[in-house]
Amino acid sequence: MPASELLLALFVANCAARSLSSLTVDKCIVGIHKGHQITDAPWYSAHLLSQAKKGARKLISVASWLGKNWPITLRH
């Protein structure tokens, strides 16, 4: 701590590469931010992090945020 803006942007890009939903990524960033607030560490969040989050939203597949379907069985 503190996490640099570049480190946070790389974390977001890694989450997008693993196809985590944008909601999950946002919750992780909020959790990291809260950890910084609790420890009074400086929070470096500006243009680079916001651009990484926008890019991650475009990379995340539709399947990661759609509801799960019932499995196909032999009966089908």
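Every read-out reported here was derived from the displayed coordinates using simple, explicitly stated rules and does not represent laboratory data. This structure is a prediction, so every number in the text was calculated from the model and none was measured. Positions of Cβ are generated from backbone atoms using ideal geometry, with glycine treated the same way; all protein chains shown enter the neighbour counts.
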Q | Relative contact order %, region 5-63, counting alpha carbon pairs below 8 Å whose residues are six or more apart | A | 59 percent
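With 10 angstrom as the radius, rank Ile29, Ile72 by how many other C-beta atoms surround their C-beta, starting from the fewest.
Values: Ile29 18, Ile72 7.
Fewest to most other Cβ atoms nearby, the residues stand as Ile72, Ile29.
For a quick check: sort Arg18, Arg75 by the number of other beta carbons within 10 angstrom, fewest at the front. Walk me through the numbers before you get to the answer.
Numbers: Arg18 11, Arg75 4.
If I rank by nearby Cβ atoms, fewest first, I get Arg75, Arg18.
Which order results if Val25, Val12, Val30 are arranged by neighbouring Cβ count within 10 Å, fewest first? Intermediate values should be presented prior to the final figure.
Numbers: Val25 22, Val12 26, Val30 10.
Ascending number of Cβ neighbours within 10 Å: Val30, Val25, Val12.
What is the Cα radius of gyration of region 5-63 over 2.2 N^0.38 Å, N being its residue count?
On the way: Rg = 11.5 Å, N = 59, 2.2 N^0.38 = 10.4 Å.
After normalising by residue count via 2.2 N^0.38 Å, the value is 1.11.
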